[in-house]
């Protein structure tokens, strides 16, 4: 990590978030209804379809409909997350559980996550939403750095701190400016809407925490999450 590199921080644009919330509330409802009809009809057709080519075409239609549904869910989670149910928990325990889940069934990820814990780190959080943040950041790091070891550090202080460091391609200047923008993705086309970091920012922000993103030198990225400690 270079001492000359400043963490990338992005302030919320409240008016934009409110506009997105209104869009998501209306569009989500309107789009989910026809999607449900499409999926239901496809399932009915698949029940009696025996031609392999037609079955494959129908399964493709259903798969794309589910993909749109998942995109809508991401928009809704960012714009209007469910009411959090915060309680005392242990950040180290959440990180360990999520790490096992991210690796399980993925042999290519075995041995590619190194966790450096500080023993129990008390946090006040909706533990389910905290797990979403950890999983999203860890998965992003593993996808960005497909061969190296992703370093995960948990520490305790004025805040509970989660640090995830990878040696992937890092960020160019444009990506840094749009880092937390909804719908923006610096990845190849078709690989997602760029909603991972916005979702994480939204959850962390609503819990009274913050995220800092710092480009590594000469490559890679370090994401730090500062989370309120439990009393």
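Coordinate-derived values only; no laboratory data. Keep in mind the model is a prediction, meaning the values are calculated, not measured. Positions of Cβ are backbone-derived with ideal geometry, glycine not excepted, and every protein chain shown enters the neighbour counts.
Semi-axes of the equivalent ellipsoid of segment 14-79: what are they in whole Å, largest first, if each equals the square root of 5 times a C-alpha gyration tensor eigenvalue?
32, 10, 6
Can you run the Rg to Rh ratio on segment 44-105? Use alpha carbon positions and the Kirkwood inverse-distance Rh.
My calculation of the ratio gives 1.22.
Could you work out the relative contact order of segment 87-227, using alpha carbon pairs under 8 angstrom and six or more residues apart, expressed as a whole percent?
With pairs under 8 Å counted, the relative contact order is 23 percent.
Projected area of segment 43-193, taken from the Cα convex hull and averaged over every viewing direction, in nm²?
12.5
So for 71, 76, fewest C-beta neighbours within 10 Å to most, what's the order?
71, 76
If neighbour count is taken as other Cβ atoms inside 10 Å, put 72, 203 in order from fewest to most.
72, 203
Only counting other Cβ atoms within 10 Å, I'd like 146, 99 sorted with the fewest neighbours first.
146, 99
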